[in-house]
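Note sheet for the following structure.
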Amino acid sequence: MQSALTKIILDESRQGESFLSSLPENKHFVKTFYIESYGCQMNFSDSEIVASILNGVGFSAISNPEHADLILINTCSIREKAEQTVRTRLKIFEQVKNRRPSVLVGVLGCMAERLKSKFLEEEKLVDLVIGPDAYRTLPALIGDAESGLRAVNVLLSRDETYADIAPVRLGSNGITAFVSIMRGCNNMCSFCVVPFTRGRERSRNAESIYAECCNLFQNGFREVTLLGQNVDSYYWVDERSSEIVTFANLLKKVASISPQLRIRFSTSHPKDITDDVLVAISIHPNICKYIHLPVQSGSTRVLQQMNRTYTREWYMAKIIRIRELVPDCGISSDIISGFCTETEEDHLATLSVMSFARFDMSYMFFYSERPGTLAARRFQDDVSEETKKRRLSEVVKLQNQLSLESNERDLGKVFEVLIEGDSKKSKHEWMGRNSQNKVVIFPKSGNCFVPGNYVDVRISACTGATLLGSAISGNCN
Ligand code: SF4
């Protein structure tokens with residue numbers, strides 16, 4: 001049911017419209033916006049694009065929704081729980097709107113894309129629903145909403161990468177930053193909503209990525225994480241020179257900026273990660289020795305149900321290959337427990353692949369059926385919640401043991417740590433991470449280091465989540 005006051009962007013022609021021209025003159029005065037983000041790093045990175053677009057039309061970011069002219073929530077749709085969180089937050093914003101009816105409320109991201117205009121029917125306080133590929137039209141839609149229209153733009157694009165928009169770093173520590181290198185995903189993992197909420201894969205212009213990383217380095221950042229749903233399939237062709245830039249080439253290009261700039265990347269896909277990438281990691285000291293390689297399940301039968309396009313054996317061979325070419329590489333993963341038809345035997349196969357890979361860390365969840373996905377259409381969500389939770393707790397228990405064992409293997413070793421800031425627990429301690437992406441905490445006393453410095457730290461103790469040590473050398477600058 002569409003109310004007369006709802007404007008839905010259906011025609012492509014409004015895509016990429018210059019937002020300054022579409023706004024009536026008086027919109028150039030300073031207004032404020034508040035944005036909160038949920039879900040994966042891509043969403044947080046997108047919020048920085050949105051902040052840049054809004055800054056461009058005179059909106060400035062504030063940290064309290066109570067005082068904002070525009071409240072935005074950048075949503076995640078990966079699990080039911082993530083969507084529940086959004087609905088709970090909207091209840092809070094409803095109170096703000098009741099107190100200040102002029103405030104506009106907008107929903108961005110994957111949940112906006114999944115629900116589209118249905119969101120307006122379900123949530124009366126929402127004025128704007130904008131999908132991940134339509135942020136350029138945000139200012140124009142704000143204009144519509146300010147004149148009483150409720151606006152929706154959830155068009156997915158085959159080429160939008162926001163390459164020309166310099167992100168505004170939100171809540172940044174000034175040392176580490178995320179740089180999106182591609183958008184969308186061409187894989188069709190049966191449990192995943194991303195291909196439906198973020199569209200087809202497209203790689204961003206390599207020159208614009210290089211320029212953004214240079215700019216970050218010149219502004220004091222010392223680490224960039226190259227972001228994509230499946231970075232290994234990054235592929236960009238320079239139309240002028242016909243130069244082909246694969247992910248391995250891109251890594252080398254960014255690594256050439258400065259030895260003082262660390263490079264990380266996320267997320268890899270076991271079927272696409274190549275020896276070229278592993279060799280690039282092994283020969284460039286500033287490309288971090290860390291790979292996030294989601295396995296999801298240790299059972300080939302379940303992997304086929306998940307449409308992950310690799311087998312247990314293929315995955316284990318990748319782990320062996322990584323350890324051959326990058327011996328000191330840290331490896332983390334994603335695991336889903338209780339996927340449709342998963343048996344006890346499949347579950348044990350997952351536990352055994354974890355023990356084989358000796359993951360340093362993993363993101364672990366039980367299967368949450370997502371409407372519209374292949375799995376929701378093809379399979380029964382037949383594993384009981386009780387069994388899902390029991391299996392997940394066994395996966396978590398094993399991972400905690402593996403994480404502790406991994407950190408215990410680091411006792412006595414010396415790691416180069418990039419200081420990111422104060423430890424959460426004490427302002428008398430520095431927090432940083434080593435190349436393997438492990439958090440390292442060490443005392444400040446007796447040293448002149450500042451965030452952004454590289455320090456050699458000898459590890460003397462650990463927990464399952466943290467390495468503890470003391471600085472033995474480093475450059476104060
Ligand atoms: S690789 Fe699979 S799980 Fe990852 S975003 Fe793409 S479809 Fe989703």
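For the pair residue 66 and residue 95, the difference between a 0.36 nm per residue extended length and the Cα-Cα distance amounts to 9.5 nm.
In sequence order, segment 62-79 has phi-based couplings of 10, 9, 10, x, 4, 10, 7, 7, 9, 10, 10, 10, 9, 9, 10, 10, 5, 9 Hz under the Karplus curve 6.51 cos²θ - 1.76 cosθ + 1.60, θ = phi - 60°, and Gly or Pro positions carry x. Per residue, the Cα convex hull of segment 325-454 amounts to 165 Å³. Computed from backbone phi, the HN-Hα couplings of segment 350-356 come to 5, 4, 6, 5, 5, 5, 5 Hz, rounded to whole numbers (Karplus: 6.51 cos²θ - 1.76 cosθ + 1.60, θ = phi - 60°; Gly and Pro given as x). Rounded to the nearest 20 debye, the dipole size of segment 414-474 about its Cα centre is 180 debye, using +1 on the Cβ of Lys and Arg and -1 on the Cβ of Asp and Glu. Karplus-based coupling profile of segment 411-419, in residue order and whole Hz: 4, x, 7, 10, 10, 7, 10, 8, 6, with θ = phi - 60° in 6.51 cos²θ - 1.76 cosθ + 1.60 and x standing for Gly or Pro. Short to long, the 10 Å bins of the Cα pair-distance histogram for the chain hold 4, 18, 27, 27, 18, 5, 0 percent of all pairs.
Most tightly packed first, judged by the mean number of other beta-carbon atoms within 10 Å of their residues, the peptides 466-472, 369-375 read 466-472, 369-375.
Eigenvalues of the alpha-carbon gyration tensor of segment 108-258, scaled by 5 and square-rooted, set the equivalent ellipsoid semi-axes at 31, 19, 14 angstrom, largest first. Under 5 Å between amide hydrogens, built in the peptide plane, is the criterion, and for residue 180 it picks out 227 among residues at least 5 positions away or on other chains. Beta bridges from DSSP with both residues in segment 414-474: antiparallel share about 90 percent, rounded to the nearest 5. Note on the chain: dipole from Cβ charges, positive end direction compared against 71, 355, 398; the farthest Cα belongs to 398. Each DSSP beta bridge with both residues in segment 184-272 is either parallel or antiparallel, and the antiparallel ones are about 40%. A 1.4 Å probe run over the chain, with the rest of the protein chains in place, finds 42 Å² accessible per residue. Annotation: aspartates and glutamates with alpha-carbon distance below 12 angstrom to residue 388 (same-chain offsets under eight excluded): 342, 344.
Shape of segment 226-280 from the C-alpha gyration tensor: oblate (a/c of 1.5 or more and a/b not above b/c, with a ≥ b ≥ c the square roots of its eigenvalues). Measuring between their Cα centroids, segment 391-412 and segment 226-262 lie 33 Å from each other.
The listed peptides 69-82, 200-213, ordered by packing as a protection proxy, come out as 69-82, 200-213 (highest mean of other Cβ atoms within 10 Å first).
To the nearest ten degrees, helix 41-55 and the longest principal axis of the Cα atoms of the chain are 40 degrees apart. Each peptide in 43-52, 390-399 gets a packing score, the mean of other Cβ atoms within 10 Å over its residues, and the list from highest to lowest is 43-52, 390-399.
Each pair of Cα atoms in segment 414-474 enters the Kirkwood radius, and Stokes-Einstein at 25 °C and 0.890 mPa s then converts it into a translational diffusion coefficient of 223 µm²/s. Its residues counted as N, segment 18-168 yields a C-alpha radius of gyration over 2.2 N^0.38 Å of 0.95. For segment 414-474, with all protein chains present and a 1.4 Å probe, just round the carbon and sulfur fraction of the accessible area to a whole percent. That fraction is 55 percent. Residues whose amide H falls under 5 Å from that of residue 430, counting only those 5 or more places apart or on a different chain, are 423, 442, 444, with hydrogens built in the peptide plane. Here the chain carries DSSP beta bridges of which approximately 35% are antiparallel, counting only pairs with both residues inside.
The values are calculated or read from the model by the stated rules, or taken from the named source; none is laboratory data. Bear in mind that the values here come from a model prediction, so they are computed numbers and not experimental data. With ideal geometry, Cβ positions are generated from the backbone for all residues, glycine too; neighbour counts draw on all protein chains shown. What goes into the accessible areas is simple: the full protein's heavy atoms, side chains included, and nothing from ligands, DNA or RNA. Shrake-Rupley method; radii C 1.70, N 1.55, O 1.52, S 1.80 Å.
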